[in-house]
Each structure stands twice: as C-alpha cells, then as structure tokens.
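S.K.: Starting off with a structure, shown below.
The values are calculated or read from the model by the stated rules, or taken from the named source; none is laboratory data. Owing to the predicted nature of the structure, the values given are computational and were not obtained by experimental measurement. Please note: Cβ atoms are built from the backbone with ideal geometry, for glycine as well, and neighbour counts cover all protein chains shown. We work out accessible area using only protein heavy atoms, side chains counted, and drop any ligands, DNA or RNA first. Shrake-Rupley method; radii C 1.70, N 1.55, O 1.52, S 1.80 Å.
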Amino acid sequence: MTSGRLPPVLTGAGTCWSAAAQPNLWLQRGSAALNFGHWDTMTGNTAVHGSGQKAALLGALALALNTWSLPAQADTEAGAAPAGVYLSARAARQAADLTAASDLFAQALESDAADPWLLGNALSADLGLGRIEAAADLADRIVEAGLASPFAHLVLTVSNARDGDWRAILSDLKAGRKVGPLVDGLARGYAWLGLGDDAAALSAFDELAANSDFRAFGLYHKALALALSGDLAGSEALFSGPEAKGVQRTRRSILAHAQVLGALGRSDEAVALLDDSFGSDLDEPLAALRARLAAGGPVTFDLVRSPQEGLAEVYFSIAAVLAEGDAEAGLLYARAALALNERHAEAALLTAELFQTLGQPTLAREAYGLVPPDSPVFIAAEFGRAEVLRDTGEEEAALEVLTGLAQDRPDLADAEVGRGDLLRGLERHEEAEAAYGRAIELFSQDSGRLWFVHFMRALAREAQGDWPGAEADLRRSLDLRPDQPQVLNHLGYSLVDRGEKLDEALALIAQAVDLHPDNGAIVDSLGWAYYRLGRYAEAVEQLEKAATLEANDPVVNDHLGDAYWRVDRTREARFQWNRALSLDPAPADIERIREKLASGLAAPTDTEDAKETAGLPAGNQGG
C-alpha cells in the first residue's frame, strides 16, 4: 500500500501495544489500563454503573494535592542544604525518580535536618518506594516539629496498624493528626474493630454513611466489617440493598458480595451475581471464583481477613480512584495498602502501573515482581512486565515472557494476542500470523474481542503479500463488528489502492468517516482515495478537512500538497510539502518530498490514469 491511512495507533512497531488499538484484549492492567470511564478488570474500584463513587471520593479527600511536599519553604530556597544536592534532589523529585530522590533528600537533611520541605519530600519518596520504616521515622520528626502533613499522619497510621497499636491511631485522630474526613473516619472504624469493639466500629461506619458524600464508602466498609466479624447475613443485607441507598456496585464490592453469598451456601445466587455484573468476560480472579461456586466447592469470605487488611482495602480503594488524575498520590496510597497487606496483589499491580505512568520502568518491573505466581492476577502482572520490557527496547525479553506465559497457559488466548502484537511490531509477520491464528482458535466465537484479532491477523497477512487472506480476515472482522471505523477504513483504502471493487471501497471509507468525522487519519483516507481515483477536487475538500484535524501530521500535509498540485494550486502545494518536511516525516518520504519541491508532480501516465479511473461511472472519471 502506498499510504493506506490507518489511525496511528494501528501502525508501526512503536504503537502495536497501544491501549487504544487493543480494547479489552489485554487483561486490563488497571490505571494505565486504569480505566475509570470503563470497567477495569484487574485493579479498578470504579462503579459498574456510573462514576458517583469516584466523584464522591475526589470531592471528599481533604488533603493537599501537592503530594510531594509540605506547604513550607518555597522551592527556590535552598536553606542550609548544599546547593548542588538541593538542586539534584529537586530535579529527581520533578522526574519522579524516587530512588535518587530518597538518597538526595536524605543527604540534604544531613545539613538541614529540620527543613519542612526536605522532610516532606523525603517522606513521600520513601513511602513511594515502600520503605515504611524510614518514612515512619520522618513522619515522627515532622509531627515532633509541630508541622501538619496529611501524608505524615497517613504513614503513622500505617505504622501503628502494622504494630497492632489501634489505640495509638485513635489517640492521633483525637489529637488532630488527620488525613481527611473520609480516610480518618474509615481508619477510626477499623481501629475500633481491631480493639474488638464491634459496636463502636459499626457506629463509626454509620457516621460516615450519614454523610451523603461518604455514604457509599461507609456502607461498603461496614459490610466488610460485618463479614469480618462473622455477621455474614448482615453483610449480605447491605450488599444486596438498592444501589441508590446502599453499597455501590464496584468490582471489589461485587467480589466481596459473591464471597459472602458463597460462604452463606447461596452459590447459585453468587454465580448469577457475577454473570449479571460482568457477563462472559470475567478476569482471572472472578473466573476462578465463579468456577468454584458453580462446582459447589467451599467458598470463604477472605477479601479482607483482619482489621489491618480492612484498612489496606481503604487505602487501595482511594489509590485506585486517585490514580487517574494524580499518579503520585495514587502511588502513595497503593504503597500504604501493600504495607498493611502484602498479599494484596491488586495493590502491587496498581503500584507497578503507576510507576509506568510516572516513567519509572525499573521500579515498575520490581513491583510487578511482587505479584506471586499463584496469584489470580499473576497473568496481568506478566503482561505488564512484558510491556515494560518492550517499552525499554528489550523486545526479545518481552517476547520470552509472553511465550512462557503461552506455554504455561496454553488455553490463554490473550497470551497469543500479545505475542502476535509484539511479533508484528518486530516485523516477524509470519510468526505473528500464526500467533493470531492460535488466539482465534482459543477465543469463543461470541467473544467481543474476536473482531480485533482478525483485524490484526489481516495486517500480518497483508505485510506478507497475502491479500486474499488479509481480505478474508478484514471481512470476517466486519462481520463481527460491522460499524468498526478502523476496519472499514482499512478495507476500503486497500481496495482503492488495488483498484478493486471501487464503489464498495468508497462506501466503506465514507461510512468510516460518518462514524468518526473528527478522526483526521480516516478523513485523510477518504481524501487520498479520491486522489488515487483522479477525483482531485473532491480529494482537496477532504484533505483540507484532514489537515485541519491533524495539522501536525506530515503524511496528511504531504497528501494535501499533492492534491493542490493536481488542481493547479501549485504555490499552496509547495507550502504543504515544505510543511510536511518540517514535521519529521518518515525517512523514506523525505527524498520523495524534496523531489516534488524541486520538480513538482509529473502528469499521471496513461497506465496510471487507467488504473485510477477503472470502474468509475463515466461522469466521474478524472478531476
């Protein structure tokens, strides 16, 4: 193909794993698939219906969003710390390089041990790295200095909960050492539960639930507390209440509810709950629970097993919501959750994803390694680890991870899809085709993801020159998803490029444009199709629209220049070609554009005219 305009997410080795290009194909990784507008199958705490819980939490968290520092000395002041160390620490902080930041802030504190800004940033770096003891020492120093720091208070709560010192948590809250009303109220409830005072604990959760902003959280954690204290029937009553008045339906709350139903011996209801909530696309942990319930096997409530793990669930819930808009704050809460519950694999997964978001691949790999092989989310962690390897240029190592996963789990279609994507990015198209073929065999025929695998196999076949096979896959993809604009666009342009079935081809691209009129790449496809067919005036109209939508795309600007030349707007053509050159085009295109700038475009040959006008109605030939 000369320039079949796939949207960028579907072209080139550098984009083969784009989340936009692979809806739901990966076992969703959460935050970066932490996908709060959609359902995050692994770590999310987003409501299945609506986003009220997220909005309530974001509005309720009363903490400074400048997560890395205390509101103290201005960033421009170095205090008594050596200027070089201070500036290096600031740079590490801004780059989210927690390892370097922790070391550098520690060095700076040797010269200025009481500086609030240094203390706050050192604490945040250590907490982000999971160095709870070091963070707790810094939190003590902050509190002893009389400074107000929500994250210092958070660290002290975590440290006291790890020690089982629930009275210290209550004393700190009474003394005004607070994080925010929601977090503090939930911590108070679990502290009373840790002291064995179930009535005081339930009263604390009820107090939160009385506030409309906190109602969903108060009731959810009350339900967990009831199950934890053995009142499974009371817990189930809260979980099954009307959503508008009771516990909001999130992935975690549905998992807890299903466990409670199973523990009550109501396995059929638990299976129905999972099926009604998630359909057939269950992630690994939910699928394992459903299988156990359907087989009539024993099920216990173990989402949280102690007050300490209950408090970890609080922090994980907050981390999952904050992660979308504030990765640094989300990371600190995820680390707090892990500090209280090392078996919280979803928190480890979220921690790794947030390190990826922050541009810290080494720390991300370490965090993925915290997920044990027997964890239900281990597969998601392996996908994440492979992605980190791929993003750091270690494609063969990434392929080794996915190949090992496919060998260990020969029934896992997603592993073959991941291998196919990576192999296609490495231009090993024959192997990619085989991997996609195995995935197609493994997916159920009613899977909502099957259309995409056929699309990807079509690209692998097309790269090998197998157009009949590619066309068959593209048409199968459209059978499964008739209104998929990327497939419509690709099939339509491919037919135009080959001079085949031109009426159908233009109709396909036009349908794609109707579905995505603001997608510049697809509009460019329509314009370039008109150009290839010699309908230059129509090409100009569409390519001008595409250039408005994708002003910085070198291919779109190059195409518009060609179309201008064909309608004798030569000065504008040269302007567009020069613009295309300034936008870092592909190396193979640079010399071609320079030749056009020097000599313009030659008139189409008779052979080209015949190809471009073949099959068109007589009144539509030429331009």
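S.K.: Give the number of residues within region 462-495 that are open to solvent by 40 Å² or more (accessible area, probe 1.4 Å) and of a type outside the set (Gly, Ala, Ser).
M.R.: 11
S.K.: Is it the case, given these coordinates, that ASP514 is out of contact with any helix residue (DSSP H, G or I) (no Cβ under 6 Å at 6 or more places or on another chain) and part of a helix (DSSP H, G or I)?
M.R.: yes
S.K.: Now for a different question. Looking at ALA563, ALA551 in this structure, which one is under 23 Å from GLY520 (Cα atoms), surrounded by 14 or more Cβ atoms within 10 Å (Cβ to Cβ), aliphatic (A, V, I, L, M) and at pLDDT 90 or above?
M.R.: Selected residue: ALA563, the only one of ALA563, ALA551 that is under 23 Å from GLY520 (Cα atoms), surrounded by 14 or more Cβ atoms within 10 Å (Cβ to Cβ), aliphatic (A, V, I, L, M) and at pLDDT 90 or above.
S.K.: While we're on this one: So, in region 110-122, how many residues would count as being open to solvent by 10 Å² or more (accessible area, probe 1.4 Å) and part of a helix (DSSP H, G or I)?
M.R.: Going through region 110-122 one residue at a time, the tally reaches 3.
S.K.: Does region 203-214 hold any residues that are open to solvent by 40 Å² or more (accessible area, probe 1.4 Å) and in contact with a Lys or Arg (Cβ under 6 Å, 6 or more places away or on another chain), and which are they?
M.R.: Passing the criteria: none in range.
S.K.: Still on this structure, please answer the following. Search region 382-392 for residues being within 12 Å of ALA415 (Cα to Cα) and free of Cβ contacts under 8 Å to residues at least 40 places away in the same chain, and hand back the single one that is surrounded by the fewest Cβ atoms within 10 Å (Cβ to Cβ).
M.R.: GLU382
S.K.: Okay, moving on. Here are LEU338, LEU311, LEU303: which of them is modelled with pLDDT of 90 or more and touching an Asp or Glu at 6+ places or on another chain (Cβ under 8 Å)?
M.R.: That would be LEU303, the only listed residue that is modelled with pLDDT of 90 or more and touching an Asp or Glu at 6+ places or on another chain (Cβ under 8 Å).
S.K.: Pick out the one residue from ALA512, ALA458 that is surrounded by 21 or more Cβ atoms within 10 Å (Cβ to Cβ), at pLDDT 95 or above and closer than 25 Å to LEU402 by Cβ.
M.R.: ALA458
S.K.: If the Cβ limit is 6 Å and pairs must be 6+ apart or interchain, which residue in region 425-441 that is open to solvent by 40 Å² or more (accessible area, probe 1.4 Å) pairs with which residue that is part of a helix (DSSP H, G or I) and charged (D, E, K, R)?
M.R.: Cβ pairs passing all conditions: LEU426/GLU395; GLU433/ARG457; GLU433/ARG461; ARG438/GLU416.
S.K.: Sort out which residues of region 91-105 are assigned to a helix (DSSP H, G or I) and open to solvent by 50 Å² or more (accessible area, probe 1.4 Å), and write them in order of number.
M.R.: Those that are assigned to a helix (DSSP H, G or I) and open to solvent by 50 Å² or more (accessible area, probe 1.4 Å): ALA91, GLN94, THR99, ASP103.
S.K.: Follow-up question, since we're still on this one. Test ALA319 against the stated conditions and say whether it is in contact with a Gly (Cβ under 8 Å, 6 or more places away or on another chain), of a type in the set (A, V, I, L, M) and within 24 Å of GLN94 (Cα to Cα).
M.R.: yes
S.K.: Could you tell me which of the residues ALA125, ALA199, ALA168 is open to solvent by 30 Å² or more (accessible area, probe 1.4 Å), of a type outside the set (S, T, N, Q) and either part of a helix (DSSP H, G or I) or in contact (Cβ under 8 Å) with a residue 24 or more places away in the chain (or both)?
M.R.: Answer to the selection: ALA199.
S.K.: Let me ask another. Quick one: GLY359 ticks every box in (1) closer than 24 Å to ALA100 by Cβ; (2) without any contact (Cβ under 8 Å) to a residue 60 or more places away in the chain; (3) surrounded by fewer than 19 Cβ atoms within 10 Å (Cβ to Cβ) except a single one, so which number is it?
M.R.: (2)
S.K.: Filter region 255-309 down to residues that are of a type in the set (Gly, Ala, Ser) and farther than 24 Å from PHE378 by Cβ and give me whichever is nearest to the chain's Cα centre (by Cα).
M.R.: Selected residue: ALA272.
S.K.: Let me ask another. Can you pull out every residue in region 185-196 that is hydrophobic (A, V, I, L, M, F, W, C) and open to solvent by 10 Å² or more (accessible area, probe 1.4 Å)?
M.R.: TRP192, LEU193, LEU195
S.K.: Any residue in region 133-157 that is more than 19 Å from ALA319 (Cβ to Cβ) and open to solvent by 30 Å² or more (accessible area, probe 1.4 Å) sitting within a Cβ distance under 8 Å of a residue that is acidic (Asp, Glu) and assigned to a helix (DSSP H, G or I)? List the pairs, counting only those 6 or more apart or interchain.
M.R.: Close Cβ pairs satisfying both conditions: ALA134/ASP126.
S.K.: Based on this model, can you work out whether TRP467 counts as over 24 Å from the mean Cα position of the chain (by Cα), under 21 Å from SER525 (Cβ atoms) and not basic (Lys, Arg)?
M.R.: Considered against the rule, which asks whether it is over 24 Å from the mean Cα position of the chain (by Cα), under 21 Å from SER525 (Cβ atoms) and not basic (Lys, Arg), TRP467 comes out as yes.
S.K.: Within region 323-355, can you find the residues that are among the acidic types (Asp, Glu) and surrounded by fewer than 24 Cβ atoms within 10 Å (Cβ to Cβ)?
M.R.: GLU324, ASP326, GLU328, GLU342 - these are the residues of region 323-355 that are among the acidic types (Asp, Glu) and surrounded by fewer than 24 Cβ atoms within 10 Å (Cβ to Cβ).
S.K.: Give all pairs with beta carbons closer than 9 Å in which a residue from region 515-538 that is free of Cβ contacts under 8 Å to residues at least 12 places away in the same chain meets a residue that is open to solvent by less than 10 Å² (accessible area, probe 1.4 Å) and in a helix (DSSP H, G or I); count only pairs at least 6 apart in sequence or on separate chains.
M.R.: Close Cβ pairs (under 9 Å, with a partner that is open to solvent by less than 10 Å² (accessible area, probe 1.4 Å) and in a helix (DSSP H, G or I)) amount to PRO517/VAL523.
S.K.: Let me spell it out: the conditions are (1) hydrophobic (A, V, I, L, M, F, W, C); (2) touching a residue at least 12 places away in the same chain (Cβ under 8 Å); (3) outside any loop (DSSP other than H, G, I, E, B); (4) open to solvent by 10 Å² or more (accessible area, probe 1.4 Å), and LEU370 meets all of them except one. Which number is the exception?
M.R.: So LEU370 meets the others, but not (3).
S.K.: While we're looking at this one, here's another question. From the list ASP558, ASP589, pick out the single residue that is closer than 29 Å to PRO517 by Cα, part of a helix (DSSP H, G or I), at pLDDT 95 or above and not β-branched (Val, Ile, Thr).
M.R.: Only one candidate qualifies: ASP558.
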